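The values are calculated or read from the model by the stated rules, or taken from the named source; none is laboratory data. Model, not experiment: these values are computed from the prediction. Cβ: placed from backbone, ideal geometry, glycine included. Neighbour counts: every protein chain shown. These accessible areas exclude ligands, DNA and RNA; they are computed on the full protein's heavy atoms, side chains included. Shrake-Rupley method; radii C 1.70, N 1.55, O 1.52, S 1.80 Å.
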Amino acid sequence: MSGKAPLRIIVCLKHAVDESELRVDASGHPILQGAQARMSAFDRNAVEEGVSIKEKAGGTVTALSLGTEDVRKSIKEALAMGCDRAILVNSSKYLDALATSYYLARAVQRAAPYDLMICSEGASDTYDGLVGPMLAQWLDLPFMGYVRRTELRGDGSLQCELAMEESVEVVEARFPSVISVVSEINSPRYPTLLQIMQASKKPIEEFPLDSLAPGPGEAAAPEAAVRVLDTTAQSMSRKKILFEGSPEESASKLLEALKSEGVL
Amino acid sequence: MRSVLAFSESPALAAEVAAGAATICESLGGGFAVIAVSSETPSPSNFEAVADAIVEVAKREGAQVVLLGATRLGRQVAARIAVKTSQGVLSDVRDLRVESSGGAAAMLTGVRPVFAGKFNAKVASVLPCVATIPSGAYAPQGASASSTQPPATVEIAMGPKAPERVKHIETRPKPKNTVDLKSAEVIVSAGRGFKNKEDLVLVENLAEALGGVVGASRPLSSDLGWLGEERHIGLTGIYVRPSLYIAVGISGQLQHVAGIKDSKIIVAINKDKQAPIFQVADYGIVGDLYLVVPALLKAIETQKAS
Ligand SMILES: Cc1cc2nc3c(=O)[nH]c(=O)nc-3n(C[C@H](O)[C@H](O)[C@H](O)COP(=O)(O)OP(=O)(O)OC[C@H]3O[C@@H](n4cnc5c(N)ncnc54)[C@H](O)[C@@H]3O)c2cc1C
């Protein structure tokens, strides 16, 4: 495509359990039934980046998510933030990262054409950071991960600054491509009441999971190879002694305590 | 042939990954570890070629597990290998072992943090599979001592140079790590309770007075950039285990706390009595850090003088 053509952007997002609200039962297991969920924190950065690129370059942003009907809550938030339309891949099946990314890729192919897929660096519940690069592999597209800045080039490519551990790498790839963004790339906007109301009029298309299954002659869909056998609360018991007097009093009490702990 | 293939582009993690591979071999019952090395430095431009070369070696060596470091690049390599071979990936796992129960096929199991470290999950994948381990999961020295056979080393052969889809433009190295948080005995960390970058002199002075180093919550090191990213503590940064950890103006969200759980003593200074950090602290001072830290500095000085 030429640099001037409107961009077709797809943002992937996950409706994830809100870990800060997650309760523990008597046996130390999480109470997932009825647990509160919301858009995974960093996915809001992905939505923001998609919408702000659209605002600069023109085009459309489609929010894409996979899950049960609950996912609509996060999709609506993305629409209120400025996505134009959404695709919900209905699935109540347990899928691992490989299977999830496979069906997302199939959905992207059905929604084609597209120029740029944006994911976040990792989901708030597992923080695997796998779905983005896997999506790129299924679609056989270039992948740029941990993007902290994007810049559209005139020649139909995107230049990105990647926040790696030891360095910042500046790289470039032609559209179509897949990127994952880090949280410092932007500050997600808060939609106005009007935008929230308007979002409910935007179209949400449904792709049932079965409709994305491979046809005869196509390679089989991956099975979920990874299983969660058990989830238990991490224990941490601390003394929780609070000093609430004047700063001077608290300071000397703290020093005394630390001395008797043998850490000073 | 039953083997475990180990690879990490990070020199710091390579020995740990090798130790992890040796441990898995033991539970495989007579497997051997193969350490893959690459003559080309893996990068965001060539990680696909690296992954493809690893797939080739894994096939040749009959690898049951490909073990990688859970670095930013390592995760991308894992993703490509998994899609190419249709294998599962266990991310950020420790305590890896091969288990089989009641005639079912053997699985690789491991333990990893989920829900921002509030919980641990025991996860399993059918073999063969890919797994990534975080730094600190395996002690490097354990490798040769415990393994039945010294690991073999193979060089991965990158295929004929294909035009790279991700073009490298420029590398901007970060300032060399000047601080070693992982082995620090005392860490004083700053959070968003600080109003200006200049005010961080307070934590610097406190760290110095206690013979410690300065750490940071993610907003300070990443989003605001007031402190270097090598000081970023937590789920997406460094896991620390000092004798004394002092959190100044840090709310104590799960993701930060995940990185400090192994501290011997945790101290929190926060003006909000309801801040979650007080729930995970041994000692807390409820108050304004701009008053409390100077008071602490003064008290330490007085004590030193007497
Ligand atoms: C997937 C994911 C991964 C993440 N990984 C990490 C990670 O690895 N590490 C990390 O740190 N965060 C991480 N975060 C971010 C984390 O959720 C929190 O947003 C972050 O830790 C908050 O940093 P903070 O405590 O400095 O800031 P805030 O939460 O804003 O807290 C500031 C605190 O300062 C106190 N305060 C304000 N003024 C004063 C004063 N004058 N005196 C005393 N106290 C004062 C306030 O009461 C408040 O408690 C992650 C988030 C996600 C979604």
TODO: Would you please put A:85-95, A:99-109, B:295-305 in order of how densely packed they are, using the mean number of other Cβ atoms within 10 angstrom per residue and starting with the highest?
DONE: A:99-109, A:85-95, B:295-305
Open item on the list: Using the Cα centre of chain B as origin and beta-carbon charges of +1 (Lys, Arg) and -1 (Asp, Glu), tell me which of B:Ile265, B:Val214, B:Leu224 is placed farthest towards the positive end of the dipole.
Closed with: B:Leu224
Task: Contact order normalised by residue count of region B:53-107, Cα under 8 Å, 6+ apart, percent - done: 22
TODO: Can you work out the accessible area per residue across the protein assembly as shown, with the rest of the protein chains kept in place, probe 1.4 Å, in square angstrom?
DONE: 42
- [ ] Just the number, please: carbon plus sulfur as a percent of the accessible area of region B:186-305, 1.4 Å probe, no ligands or DNA/RNA counted.
- [x] 49
Open item on the list: Can you tell me which lysines have their Cα less than 16 Å from the Cα of B:Lys84? Leave out same-chain residues fewer than eight positions away.
Closed with: B:Lys59
- [ ] Might you report the magnitude of the Cβ-based charge dipole of region A:141-224 about its Cα centre, with Lys and Arg at +1 and Asp and Glu at -1, to the nearest 20 debye?
- [x] 520
- [ ] Please tell me which of these pairs span more than 24 angstrom C-alpha to C-alpha: B:Lys176/B:Lys261; A:Lys240/B:Lys271; A:Lys73/A:Lys201; A:Lys14/A:Lys76; B:Lys197/B:Lys298; B:Lys182/B:Lys271?
- [x] B:Lys176/B:Lys261; B:Lys182/B:Lys271
Open item on the list: As I understand it, the dipole of region B:2-156 uses +1 on the Cβ of Lys and Arg and -1 on the Cβ of Asp and Glu, about the Cα centre. Which of B:Gln64, B:Cys25, B:Ser125 lies farthest toward its positive end?
Closed with: B:Ser125
Task: Cα lying deepest toward the dipole's positive end in the protein assembly as shown, options A:Gly132, A:Ser92, A:Gln195, charges on Cβ - done: A:Gln195
TODO: With a 1.4 Å probe and every protein chain kept in, tell me what percent of the accessible surface of region B:2-156 is carbon plus sulfur.
DONE: 53
TODO: Find the relative contact order for chain A and round it to a whole percent, using C-alpha pairs within less than 8 Å whose residues are 6+ positions apart.
DONE: 23
Task: Carbon plus sulfur fraction of accessible area for region A:154-264, probe 1.4 Å, in percent - done: 53
- [ ] Provide a whole-number value for the mean count of partner chain Cβ atoms within 10 Å of the Cβ atoms in peptide A:257-264.
- [x] 6
TODO: Please find the FRET efficiency linking A:Leu152 to A:Leu255, where r is the Cβ-Cβ separation and R0 is fixed at 51 Å, and quote it to the nearest 0.05.
DONE: 0.35
Open item on the list: Residue by residue through B:273-282, how many Cβ atoms from other chains fall within 10 Å of the Cβ on average?
Closed with: 3
TODO: Kindly work out what percent of the DSSP beta bridges joining two residues of region A:7-212 are antiparallel, to the nearest 5.
DONE: 35
Open item on the list: Which positions within region A:143-158 get 40 Å² or more of their accessible surface covered by the other protein chains, compared to the chain by itself, with a 1.4 angstrom probe?
Closed with: A:Phe143, A:Tyr146
TODO: Please report the base-10 log of the normalised intensity I(q)/I(0) for region A:7-212, using a Debye sum with one equal scatterer per alpha carbon and no solvent, at each q in 0.08, 0.10, 0.12 (1/Å).
DONE: -0.26, -0.40, -0.58
TODO: Using per-residue counts of other Cβ atoms within 10 Å, averaged over each peptide, order A:173-180, B:36-43 from highest down.
DONE: A:173-180, B:36-43
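Can you tell me the dipole magnitude for the protein assembly as shown around its Cα centre, using point charges on the Cβ only (Lys, Arg +1; Asp, Glu -1), in Debye to the nearest 20?
Dipole size: approximately 640 debye.
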Task: Area buried, chain B against chain A - accessible surface, total, 1.4 angstrom probe, square angstrom - done: 7300
Open item on the list: Give me the Å³ per residue figure for the convex hull around the C-alpha atoms of region B:186-305.
Closed with: 91
- [ ] Compute, for B:Asp180, the solvent-accessible surface of its heavy atoms (probe 1.4 Å) with the complete set of protein chains present, and express it in square angstrom to the nearest 10.
- [x] 90
Task: Electrostatic dipole magnitude of chain A [Cβ: Lys, Arg +1; Asp, Glu -1; Cα centre; debye, to 20] - done: 780
